[in-house]
Structure formats: structure tokens, C-alpha cells
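Participant: Let me begin by handing over the structure; questions about it come next.
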Amino acid sequence: MKLRFGNYYLLVIWRLFLAYLIYTLCRLLFIVFNYSLLEPMTGREFFRILAGGLMFDTSAIMYTNILYLFLSFLPLPFIRRESVQKSLKGLYIAVNFLATAINLADTVYFRFTLRRTSSTFFTEFAGDVKFFRIFAESITLYWYIFLAGILFLLVFIHFSGSVKHLCRNGFSARNFYLLQCVALAVTAPLFIIGVRGGTSGAMRPITIGNAGDYTDKAIHTSAVLNTPFSLIRTLGKAEYVYRRDFASYAQMEPLFTPMRNINGEPPVNRNRVIEFDSTAKGKNIVILMLESFGAENMSFMNPDLDKCYTPFLDSLRREGLFCTNAFANGRKSVDAIPSIYASIPSLISSYAVTPYSTDYTFGLPKILDSLGYYTAFFHGAPNTSMGIRAIARLCGIEHYYGKDEFNDNSKFDGSWGIWDEYFLPYVADMLDTLPQPFMAGIFTLSSHHPFKIPAEWKDRLPEGEVPLQKTIAYTDAAVRAFFEKISDSEWFGNTVFVITPDHSTLWGIYPEYTTTIGNTRIPIIYYSPGFIAPGEYHQTTQQLDIMPTLLGMIGYDKPYFAFGRDLNCDTVRPPFAVNYTEGQFQLVYNDTLLFRNDSSLTAVYKLSEDALLENNLLEAPFADSLRQTPSLQRQDEFFKAVVQQYINRLIDNRLSCETF
């Protein structure tokens, strides 16, 4: 018996509910079919995955049914015709069965990629690939999945329902137009909320990376997601095309490899960049990430500044190891977290929003967790803001403390989160309660657009040439109070601190910081009173180096994966920094800056002599002979290896030693 509804709007609601039901059944089938590939999950984790999946299902259902919903509520008389209603039913069945079929296909395809299929699938199957032959063979091999698809199609046909006597049940010409207009008016905001993933103004439309909010294990994000959402949210994004400058990973290994300590040898402080007498084994680790604290606004890095906005940071860098030639590996806050905690950069586009953000990684938090560390992250923004919590969890951080846990909205700045002067003392109090050893990430936020500070601070801080600088002075004062508070804590003397910005900023005030490399310059400070001797490191370094350097300091002797280098122990890789800007990769290799597009080297600059990047050596009269020099060829081969290792490992899901 087919379903017939007396109310047209109940019919539409029922059809959406049916779509939710099928999506959930597909998720259950996905979990059962791939259970051996997924890490074991507890009952709590299972239900958390199902609950989180509803948000991504809502987004996918809204996207795929937008035409059906719009036409269903169109205030035009022909919508009431029986033939039109049959067409709408056919549209609903076709669209939702297609989405279901895609979900079911990924139930099988997942075991070959260990991730949900994204729009890169169409690139991967471009060219001379016998797609339909592969599809036919897959139906034979996995006939039971094909059978499930047929069953779901029959469910859609039989249970999608119809409406009885549309023109005689509340749909007279007198009120039809009004009801349809109301339905459209109600549906529009619900659609927006659905595709965005919520109502919070601090939350961007959800991406694949947001699945990390609902699981602590990267492999489980595929169970949270659904394939229609993954395809839709990656359409039009920057494409990652498999690179073939080298035939294999083995061929690149002599030039560059992110596989570290494969032989399992104890690290040796050969370079003695950071002077310490013993290992930091068992010491707590605190990584303080300062919003937008680029080198341009630090008087100790920018001699052109006539004011000091960071007196405390200036004093702190004199007491630790201050890296004077450091660079960020991305341009957004969400780029910094994988760079710092997993030693994975953001090239081409933000790693956190790529289809590969759910690749399996085994970065600093997971390594420390395996050593008995408690891992936590503190950020005063709403917990879903900017995808920070999601990417932190994907990097392996188990405990997150945000605005929700702070639980005092009177200290909300009205835009982004809790003022730094109030959130940092809360962090200090929480650190006192954590079991040791712990690793804590702390991310400030007050020096973010729209650059507001509390009214009582406005006359206490120096005015800047740009609004950012006064907020930097405010955060610097808050950080001073934070260190004064924690200096009396029992754990303070047994802790290694790393202070780094998330990224730099571009205001165009000082020419050397307006270049594509100048606007990625940042300070990095390693600080541990009584353990790390004060000093300065003048060679090139980057956020990617933080993780391997810390692992070397604690004496970690097992294999691990990192694009960065250990400042103390690495005698093989040259000091370098890599990032991406304006369609090109850029690499700082010692004192040389190189630019590459997808196929060739496009520019070379000598940074010590050309900070403004005015003289591209590849355009000089001696450019042809320069290209033939062994030093430039060696640098370019290294550059190509770094880029290919990054792109191909993303595509191959080989971002850990376990996936070597």
C-alpha cells in the first residue's frame, strides 16, 4: 500500500525525513562493511558519529533537494496539477536515489582510498580509464551493495508518497498563494542554516574538516561524512594533480623525504642550536599561538617601528632561543595548526579544507599521547568557530577548551570570543589541574579583525599606524599577566614553551613586509627557564620545524612523519621554508628564494641583497648560465621533491609512517 497524505506540506516533510533515514542506513552499512578498516569504536563514539552525521546529511539533503523544494513551494497554480506533482515526485526520487547510489558506491571504494570520494575523483578517472568496465566488474564483485541500491530505490518509489485531492484540501485558489509564499519564506532560512551547518555567526559553512568535531580518530571522519556532501563541498576547489617529476618516493628520498628516524636511532644534539644539558623527556609542552603577531609589528624584528607594541614578548625572546629568520607555512589560522602540530604545510589551498584533511596522520599530539601525555587545546572562540576545534582534533588533540567551557558570556568581545585578558587566566587555572606530563596548545584571539580592545585599555596602550598594532599590544599585556600567573605553578619549571604566531599580516606599511615572502615572516621562540639557554638562531626555520624539534628535545627515537626538520639533530636536510602564494610555490633555501609554478622554476632572488624582490635572477643577462649551475639545480631538485612529496602523499593518503 502506497502512502497518501491529506496535507501537502506533511508530504514534503515526510520525503525529507525519508531521505534522512536512507542516509543513516547508508552510514550504518558503510560502518559495517568497512568495520575491519576503521579503528575500533566504543558505543559512545558510535552514537557521536551518528549524531554528527546528521549535520552533514542535512547539508547534503538541502543541496541536492534545492530544486525539488523550490518547485514544490512555487506560488503558481500549475503546481497543483496532478501531472506536475508526479514530475516533482520523479525529481525527488531521481535526485535522492542518485545521492544514495553515490553513498553506496563509496562504501566499496573507501577501502581503496580510506577517505570519502571528493571531486578529485573526476580528475583521477580522466583520460584512458575504462570507468564503465570497472563499474560493471564492481557490480559483479560487490553484488550485495548493488542489491542494496535496488532495495533503496524501491523504498523511495513505494514510500515517497503522494497527496490526496490537492485542490480540495486547503488548497483553494483563495489561500494557495499565501500558503506557498509562507512555505518559501520559511524554507529559505532553514536551507541556509542547513547547508552552513548551524546558526553561529562565527561558523563558516561546514567543510570536510568539520567532521573532526565528532570524532577523535581521523579514520572515523569518513563515517561522519557522506559522499554527496564531500563531492559538493570540493567542487571548484583547487585541484591536486598527481606529480611525476620523480618516478617514485624512493627516487625522491635522497633529495627530500618526510619520513623521519626510520632506523629508530636516538636523536643527538649535533647542531646545538638549542643548548640544553639533558633531554626534555617527561617535560610538559606548551605551544602558545599568537593571533596575527607577524614580524612587521615586532620592534625586535622590524627596526623601522618607532614604538614597541610587544614589550613582554621582546623580554621573553631574550630569555629563550629566538629564531630571527622564521616563516609561517600558511596564511590562515586554520593553516597553522597542521603546520605546528603535524608538520604538514598548506600548499595550493588550506590543508584543513581539502578533501585530504581526513587523511590518517600521526603528529605531535598522537605521539605524545602514546608517551602518556595529556593533550589539550585552548581557544576562546565559540567551539565551532573557524573549524579550529575540528582540525585540532584531526591532529590528535583529545581535549578542547573554548568559549563554551569558559562559560561566562560577560567577557565576550562581541565578535570572536573571550577577551585574551580573561581567557588566559582561565587557561592558567586549567593547566594547574591537568595531569602531567601534558601538552597544551593555546591560541589567542583579540588581535583579530575588527581589532577591538576593552574600553578601559584604550588609553593605556600605544596607538599604532594600523588598528592591528594596538590589539597586539593588548594581547602582549595579557600574555605578560599569563606568564606572571603561571610562573608560580608547580609545573612551570618542568615545561618547554614554544611561542609562535598563527600567521603574519599584510598592511603595506613597510616595503620589505609587502613581498610574498616578507608577509610570511614571524618570530618563533623556544623558552624554558633553567633548561634552554638564551640565544638566537639566524638560519631559516618555519612552523613545520616545531614538531620535529620538540620530538628531538624529548629524545623520541621512533620513526615519525614530518615535512619540517629538527633544528638540533638534522644534519641532512638544509634549512628551508616552504609556502604557497599567488598560484606559485615559494621556497626559502638558506639565503635563496625560489618560485615554481606547476612546471618550471619562474624566479630566483638573493634575499640578503634583495629584500624587496626587485631583481629576478632568472631575468638577468646571466640567467642561462645560472640555470646550469650545480647549486641552483640542486636547490630546484630539492624544491620539486618537497612539492611532489606533499601533493602525492595527500592523494595517496600516506601522511604517516604507518601508511609508508
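Participant: Over 25 Å between C-alpha atoms is what I'm after, so list which of Lys217/Lys452; Lys281/Lys366; Lys217/Lys485; Lys89/Lys164 land there.
Facilitator: Lys217/Lys452; Lys217/Lys485
Participant: Under 14 Å from a label point 7 Å along Cα→Cβ of Gln436: give me every residue in segment 535-570 with its amide N that close.
Facilitator: none
Participant: Expressed in nm to one decimal, what extension gain is obtained for the pair Leu37 and Glu637 from 0.36 nm per residue of sequence separation less their Cα-Cα distance?
Facilitator: 212.3 nm
Participant: Then there is this: Label points 7 Å out from Cα along the Cβ direction at Glu319 and Asp306: separation in nm?
Facilitator: A separation of 3.2 nm, rounded to one decimal place.
Participant: Using r as the Cβ-Cβ distance of Glu490 and Cys657, and R0 as 35 Å, what FRET efficiency do you calculate, to the nearest 0.05?
Facilitator: Efficiency, rounded to the nearest 0.05: 0.50.
Participant: Could you tell me the largest-minus-smallest coordinate of the C-alpha atoms of segment 538-660 on each of the three principal axes, in descending order and whole angstroms?
Facilitator: Extents along the principal axes, in whole Å: 49, 34, 27.
Participant: Report the normalised scattering of segment 318-423 as log10 I(q)/I(0) at q = 0.10 Å⁻¹, calculated by the Debye formula with identical scatterers on the alpha carbons.
Facilitator: One equal scatterer on each Cα of segment 318-423 leads to -0.34.
Participant: Obtain the nm distance between the two label points defined at Ala94 and Ile157 by a simple spin-label model: each point lies 7 Å from its Cα along the Cα-to-C-beta direction.
Facilitator: 1.6
Participant: Just grab the label-to-label distance for His538 and Asp404, each label 7 Å out from Cα along the Cβ direction, in nm (one decimal).
Facilitator: Roughly 4.9 nm, to one decimal.
Participant: Could you check how many percent of all C-alpha pairs in the chain are farther apart than 35 Å?
Facilitator: Cα-Cα pairs of the chain separated by over 35 Å account for 48 percent.
Participant: Okay, next question. Just name one of Ala428, Ser222, Ile651: the one whose Cα is farthest towards the positive end of the charge dipole of the chain (beta-carbon charges, Lys/Arg +1, Asp/Glu -1).
Facilitator: Ser222
Participant: Relative to the first principal axis of the alpha-carbon coordinates of the chain, what is the inclination of helix 630-652, with its axis defined by its Cα atoms, in degrees from 0 to 90 and to the nearest 10?
Facilitator: Roughly 30 degrees, rounded to the nearest 10.
Participant: With an 8 Å cut-off on Cα pairs and a minimum separation of 6 or more residues, tell me the relative contact order of segment 10-94 in percent.
Facilitator: Answer for segment 10-94 is 29 percent.
Participant: Quote the relative contact order of the chain in percent (integer), defining contacts as alpha-carbon pairs under 8 Å separated by 6+ residues.
Facilitator: Rounded, it is 19 percent for the chain.
Participant: Taking the Cα centre of the chain as origin, work out the dipole magnitude from +1 charges on Lys and Arg Cβ and -1 charges on Asp and Glu Cβ, in debye rounded to 20.
Facilitator: Roughly 3640 debye, rounded to the nearest 20.
Participant: Over segment 541-660, what is the mean sequence separation of C-alpha contacts under 8 Å (at least six apart), divided by residue count, expressed as relative contact order in percent?
Facilitator: Relative contact order here is 15 percent.
Participant: Counting only DSSP beta bridges with both residues in the chain, tell me the antiparallel percent, nearest 5.
Facilitator: Taking every DSSP beta bridge with both residues in the chain, the antiparallel ones total about 50 percent.
Participant: Sort out for me the Cα centre separation of segment 631-651 from segment 422-492, rounded to whole Å.
Facilitator: Taking the Cα centre of segment 422-492 as reference, the centre of segment 631-651 is 39 Å away.
Participant: Something else now. Please list the equivalent ellipsoid semi-axes of segment 183-339, computed as the square roots of five times the alpha-carbon gyration tensor eigenvalues, in descending order and whole angstrom.
Facilitator: Value: 39, 28, 18 Å, ordered largest first.
Participant: By how many degrees, 0 to 90 and rounded to 10, does the Cα axis of helix 467-486 deviate from the longest principal axis of the chain?
Facilitator: Taking the Cα atoms of the chain, the angle to 467-486 is about 80 degrees.
Participant: Taking 0.36 nm per residue of sequence separation and subtracting the Cα-Cα distance, how much length would be gained by fully extending the chain between Thr514 and Lys86, in nm to one decimal?
Facilitator: Length difference between fully extended and current span is 148.1 nm.
Participant: Now, a different point. With r as the distance between the Cβ atoms of Leu184 and Leu3 and R0 = 35 Å, compute the FRET efficiency 1/(1 + (r/R0)^6) and round to 0.05.
Facilitator: Plugging the Cβ-Cβ distance into 1/(1 + (r/R0)^6) gives 0.90.
Participant: Once the other residues with Cβ under 11 Å from the Cβ of Gln645 are scored (Lys, Arg +1; Asp, Glu -1), what is the net sum?
Facilitator: Result for the local shell: +1.
Participant: Run the accessible area of the chain with a 1.4 Å probe and give the carbon-and-sulfur part as a rounded percent.
Facilitator: 59
Participant: Here's another thing I want to ask about it. Counting each pair of different Cα atoms once, what's the Kirkwood radius of segment 480-596 in Å, rounded to one decimal?
Facilitator: After inverting the pairwise mean of 1/r, the radius is 16.5 Å.
Participant: Around Gly212, under 9 Å between beta carbons, what's the net of Lys plus Arg minus Asp minus Glu among the other residues?
Facilitator: 0
Participant: Ok, one more. Residues of segment 448-534: accessible area per residue at 1.4 Å, in Å²?
Facilitator: Value for segment 448-534: 39 Å² per residue.
Participant: Next question, about the same structure. Rounding to the nearest 10 and keeping the result within 0 to 90°, find how far the Cα-based axis of helix 143-159 lies from the longest principal axis of the chain.
Facilitator: Between helix and principal axis, roughly 50 degrees.
Participant: Still on this structure: With +1 on the Cβ of every Lys and Arg and -1 on the Cβ of every Asp and Glu, and nothing else charged, how large is the dipole of segment 321-447 about its Cα centre, in debye rounded to the nearest 20?
Facilitator: 420
The values are calculated or read from the model by the stated rules, or taken from the named source; none is laboratory data. Being a predicted model, the structure only gives us computed values, none of them experimental. Virtual Cβ from ideal backbone geometry, glycine too; neighbours counted across all protein chains shown. These accessible areas exclude ligands, DNA and RNA; they are computed on the full protein's heavy atoms, side chains included. Shrake-Rupley method; radii C 1.70, N 1.55, O 1.52, S 1.80 Å.
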